[in-house]
Amino acid sequence: MRRAYLLAYMPGAFFVVTGAVCRTVQPMLFAELLSYWSVDSNMTRYDAGFYALAMLGLNFVALMCQHHNSLFVARFGMRIKVATSSVIFRKLLRMSQVASGDIAGGKLVNLLSNDVARFDYAFMFLHNLWVIPIQAAVVLYFLYVAAGYAPFIGLFSVVFMILPVQAALTKLTATIRRDVAQKTDRRIKLMSEIINGIQVIKMYAWEKPFQLVVKAARALEMRALRKSIFVRSVFLGFMLFTERTTLFVTTLTLVLTGNIITATLIYPIQQYFSIIQLNITMILPLAIASFSEMLVSLERVQGFLEMEEREDLARMPISNGIINRVTFNSKEYKNNETDLVMPQSYSKKDNFTRTQSIEQNQRRESLAGQYAIELNRISASWTTSTDPADLTLRNISLRLGAGKLCAIIGPVGSGKSSILQAILKELPLCEGNVNIKGRISYACQESWLFPDTVRENILFGLPYDVRKYQEVCKTCCLLPDFKQFPYGDLSLVGERGVSLSGGQRARINLARAIYREADIYLLDDPLSAVDANVGRQLFDGCIRGYLKDRTCILVTHQIHYVKAADVIVVLNDGRIENIGTYDELIESGKEFSKLLSNQDSDKDDNDASGGKRPSIHRGISKISTKSGDTPEDEKAQVLTSEERAKGNLKWEVLYKYLTSVGSWFIVFLAFLTLLITQASATMADYWLSYWTNQVDQYEQSLGGEEPDSSLGIVMGSLTTGQYLIVYGSVILGLIVISHVRIINFVIMTMRASENLHNTVYKKLIISVMRFFDTNPSGRVLNRFSKDFGAMDEFLPRSILETVQMYLSMTSILVLNAIALPWTLIPTVILIIIFVFLLKWYLNAAQAVKRLEGTTKSPVFGMINSTLSGLSTIRSSNSQNRLLNMFDNAQNLHTSAFYTFVGGSSGFGLYLDALCLVYLGIIFAIFLVPRHYIRYLPCTIIPVGSVGLAVSQSMILTMMLQLAARFTADFLGQMTAVERVLEYTHLPTEDNMDDGPIKPAENWPPKGKIEFRNVFLNYGPEDPPVLKNLNFEIQEGWKVGVVGRTGAGKSSLISALFRLYNIQGSITIDGLDTDGIAKARLRSKISIIPQEPVLFSATLRYNLDPFNSYSDDEIWRALEQVELKEVVPALDYKVTEGGSNFSMGQRQLVCLARAILRSNKILVMDEATANVDPQTDTLIQKTIRRQFATCTVITIAHRLNTIMDSDRVLVMDKGTVVEFDHPHILLSDPNSKFSSMVRETGESMTRVLKDVAKNKYLSDYPDAEK
């Protein structure tokens, strides 16, 4: 950063130095000007006018320099902030998977919201760090010339005694900042996990334990924040009493050394002290503190930038290049030339596809007969440990020829996905090497979608070729879904695909990989989330058809598909246990051959028993495309923009903020101490003016004789000693009350911030699911990171500065009125114009500030989305696309921010011009010829009053623009409160903790469920996804729910858990669930969700956040799901998202949760979709054993898991089409269920029918007769 930006920052020194020179010379001119009103003055009015004009000129130059410097520094800091943010995002795209597992999305959001924001302020006063010492030396010289050594005594006794305190506080600020940042990271990380896992939290009824966790994290953060705000407030407190205390000590020294306190002596000294005080007690501490905080932020950014990168990405520039041939191993790296594919949203021509097809054919011919993938004795680990026991893959060797289909199978946690990650270079190798020949496309196991249209999720930056796109969508069975979507493929998928079913997400994820032309396709279990019918179509039409001449590695748990594979790899514990063709494995005599033979696939015409894949034409498909298929004729669904308040900030926002303190007495006390503090400061200034006026009258009464400087001499009504005692008492009171003010103020602002956070979080956690479906996580995190960050750290200072500034301005007006009442006329005019300009400016400033806040949300959203999709992004070489999106989001935010900064500077310029005119009028009033003054109330102007009025008016000119800026900043920070308060009005779930129906403690004792005329809409304007459901599930029944992807199976669960409002009734054991408290209802239904969610906490907390069960009970539950040997202890740390567990192990943890709860109703939402057959068998056996007497609802794509059910519920398009015993349904060849079973193949159909029949005969033994 120093090398890149040091020279660019240097021009700002000109403005700082010029302004410092002008400020330093002004007190000299002021001393000369004051002598015009002294008793023995010989100065002419024209000379006094010259000095007044010179002061105005210097003031003008100083203010112009200040404005230009402010704009220059703001622009400079903004450039560094943007550059640093961009570097952070680029680093994220290069990070290794090992490092990304250690970094939380919340921490990255905190880096971009709070740490990088330090650059906005750090450079504002940085030049002053070297200018202030030089200026101070010059000022000290001028003070010595004016008053000898007395000012030095005042300075060294007060100001320079404070410097060590400031140094200690500055050092403490850096330490506190690190502590605050760590605590904030933890809280935002928690919030990120909660928002992403909110559906699971609601279904488990875990709102309260997570509320306690967040509240505890917030309390720790607030403890650190209180220290930070207290230290900052102390710095501001120094500004009030340091100058006045220094002046008092100097005055005391002057009196004790026999000097008379005259206005011409004391007010220039006060001006010099004002310069020193402003520099040492305000600017210097701010410069040091902001610079120290920036260093801490840079340290945190540096720590992130030093995290481990993927080796190949660390050595090559990020580009859209697709690697033709890469050889990498544990010791060396080699990179050949890359082909570039430039990202485009749409292309109206088909040249791209034809050119690509020619290139693909040529490349396939060149690769024919070669190995596409070679794994040579590789061992790999996700950890940095060298312990062989920690290896994820052990001594893997595999050669796969071009155009071959390889199936990888094995139990949960055996390393199937890790092999794909090793090929993608995401998993670091410990030994061995990997050779890849050709382009790679990858479909990840957990479907990754970003918040955009379905089409853009499939194209992912590639040109839009209509025919190819239609063919891919048809191959991936997406065309029927497009007809259901409100805007077709231009419908928004929502963040993480929340508006889609699991199967739809999986097929869009697969379509993205297929649309990208490649030689090698890595498919990580894409068939697990779809039903048997769609799975068969995907396997035959896509994997064996569309990709027939491509090298393909398929990770799967669907064993009946592997017979068509050219090579089958069986993994166990990170090793290849066996490898070969289907026939070779059957003949191997190994135990798993029984598993393969039992899962024999069909022998119909679509069976590839000979290893030959069906020939499906991959040329240009003859799909008719209407004109409406072209992008320019289609209307895309628009993402709902973030709501933004309009107009002026309402006083209601401030009222609610103060109300959130929880005690109006604390608010009253805080503002009372602010008022008393300013009154004390004003009294000190007035008393000095009164004293000098009495001295002036005393000198006039002497008629030119030498005045007596003893303490006992009476001047007016008091002696010099008594003046000193009163003056000292006021200063002492000012010091005491200013510290009391700080304590009260910190208590008030911190209580408000903490209470608001807890209130908003409580509202958020019980908000309706629709809110989370329609609001990206980045938007919500923006409230809890940037907005609360502003409330925590910037708003308290802004309130203190603004209130203090307006109280100071009021005191100046009062003092001027006392000095010369006629100054009230220009003052009133000044105030009227100021209020008009301020209102005009604030209208625009508030709108721009709100815009600046909302444009930050997409930046945060991209961080979370990118972090979860790194493998997909990098495998498709789409880093540049993401970089462009991030840079565009940053540009939009920067435009709003710079508009706000530029507007502030322009407004300040107008105010300065106004203030200079006002100061000129004040000078004119005092310089008007003496014979005109007889028409005014007073004919003699005391020099002390002139000194007081002019010095205060000069301060007022600086204060007006500061007041405007502080007001704008205050209202800008209050927009953060306004945005936070919006979340206090979120629509919340009804009957969350209480309801009209109070079931017994053991409810439900049976588990009977009844649906009557049930409709479900996700949104008030959306069509129903469940339509008139009517069925009854008896106690203890095991019910399987099947249907095509998107048929409404998961929506059925949403209705049962009342995640959305429904019409109709759902009763459990005769009680309508609408009248039961939702927390009670959900806690009595166990669920193993479709996407298992684990939180970054201990394993024990993930299983039992309420601490309701003993360690022995938890260990028994883990033992029943065979995880007891996997985890070393219950306090085993689970990383964010459960990334240190495989997908199957996460499902087993969810099963352990269900076992612990021992409810009478269990729901399984495709829970075994991502596990191997052995784990599936384990889960099924455990459920039959542990939930034998319970009602179990199973949503399944594997029909073998529900064939022994008591009933099967078949759904289609949100309706129930069949509901009966599976054997009865299979007895009707025309039933929907029969057709689904037939699609599994002849042999499997026989097996499934036998299972259903045996179950039926077991349930109804008389039926056989």
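The values are calculated or read from the model by the stated rules, or taken from the named source; none is laboratory data. Since this is a predicted model, take the numbers as computed values, not measurements. All Cβ positions, glycine included, derive from the backbone under ideal geometry; neighbour counts span all protein chains shown.
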(request) Please work out if ILE514 is at pLDDT below 80 and not hydroxyl-bearing (Ser, Thr, Tyr). (result) no
(message) Can you find a residue that is in the same structural domain as SER945 (by TED's automatic domain parsing), assigned to a helix (DSSP H, G or I) and either closer than 30 Å to GLU793 by Cβ or modelled with pLDDT of 85 or more (or both) anywhere in the stretch 691-702?
(response) yes
(message) Out of GLY721, GLY728, GLY733, I need the residue that is more than 60 Å from the chain's Cα centre (by Cα), in a helix (DSSP H, G or I), at pLDDT 85 or above and not aromatic (Phe, Trp, Tyr). Which one?
(response) GLY721
(message) Take the residues in the stretch 532-585 that are acidic (Asp, Glu) and in contact (Cβ under 8 Å) with a residue 60 or more places away in the chain; name whichever of them is nearest to ILE520 (Cα to Cα).
(response) ASP549
(request) Being modelled with pLDDT under 85 and within 11 Å of GLY1046 (Cα to Cα) is the filter; apply it to the stretch 485-511 and report the residue that is surrounded by the fewest Cβ atoms within 10 Å (Cβ to Cβ). (result) PHE485
(message) Could you go through the stretch 977-989 and let me know if any residue there is among the charged types (D, E, K, R), more than 28 Å from ILE1202 (Cβ to Cβ) and free of Cβ contacts under 8 Å to residues at least 24 places away in the same chain.
(response) no
(message) Would you confirm, using the coordinates I've provided, whether LEU212 is free of Cβ contacts under 8 Å to residues at least 12 places away in the same chain and either assigned to a helix (DSSP H, G or I) or of a type outside the set (Phe, Trp, Tyr) (or both)?
(response) yes
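Of LEU1248, LEU1257, which residue is part of a helix (DSSP H, G or I) and in contact with an Asp or Glu (Cβ under 7 Å, 6 or more places away or on another chain)?
After ruling out the rest, the residue left standing is LEU1257.
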(request) Return the only residue of PRO133, PRO151 being out of contact with any Lys or Arg (no Cβ under 7 Å at 6 or more places or on another chain) and surrounded by 17 or more Cβ atoms within 10 Å (Cβ to Cβ). (result) PRO151
(request) Scan the stretch 733-755 residue by residue and report those that are among the polar types (S, T, N, Q) and touching a helix residue (DSSP H, G or I) at 6+ places or on another chain (Cβ under 6 Å). (result) SER738, ASN744, THR749, SER753
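Per-residue answers, yes or no, for (1) within 26 Å of the chain's Cα centre (by Cα); (2) closer than 30 Å to ASN864 by Cβ; (3) modelled with pLDDT under 85:
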position: ARG118; (1), (2), (3): yes, yes, yes
position: TYR144; (1), (2), (3): no, no, no
position: LEU155; (1), (2), (3): no, no, yes
position: PHE160; (1), (2), (3): no, no, yes
position: LEU163; (1), (2), (3): no, no, yes
position: ALA167; (1), (2), (3): no, no, yes
position: LYS171; (1), (2), (3): no, no, yes
position: TYR204; (1), (2), (3): yes, yes, no
(message) So ARG363 ticks every box in (1) surrounded by 13 or more Cβ atoms within 10 Å (Cβ to Cβ); (2) modelled with pLDDT under 75; (3) under 38 Å from the mean Cα position of the chain (by Cα) but one. Which box is left unticked?
(response) (3)
(message) Restricting to the stretch 1212-1241, count the residues that are surrounded by fewer than 18 Cβ atoms within 10 Å (Cβ to Cβ), β-branched (Val, Ile, Thr) and farther than 29 Å from ASN1017 by Cα.
(response) 1
(request) Can you give me the number of residues within the stretch 1063-1097 that are in contact with a strand residue (DSSP E or B) (Cβ under 8 Å, 6 or more places away or on another chain), modelled with pLDDT of 90 or more and not in a helix (DSSP H, G or I)? (result) 13
(request) State whether the residues of the stretch 1078-1092 include one that is free of Cβ contacts under 8 Å to residues at least 24 places away in the same chain and either buried (at least 23 other Cβ atoms within 10 Å of the Cβ) or small (Gly, Ala, Ser) (or both). (result) no
(request) Among what's in the stretch 228-285 and is of a type in the set (Phe, Trp, Tyr) and in contact with a Ser or Thr (Cβ under 7 Å, 6 or more places away or on another chain), pick the residue that is modelled with the lowest pLDDT. (result) PHE238
(request) Of all residues in the stretch 706-764, count the ones that are farther than 30 Å from ASN693 by Cα and either among the polar types (S, T, N, Q) or outside the structural domain of ILE666 (by TED's automatic domain parsing) (or both). (result) 6
(request) Need at least 2 residues that are crowded, with 19+ Cβ neighbours inside 10 Å per element, so show me which helices (runs of 4 or more DSSP H) inside the stretch 253-317 make the cut, counting only ones lying wholly within it. (result) 263-277, 284-305
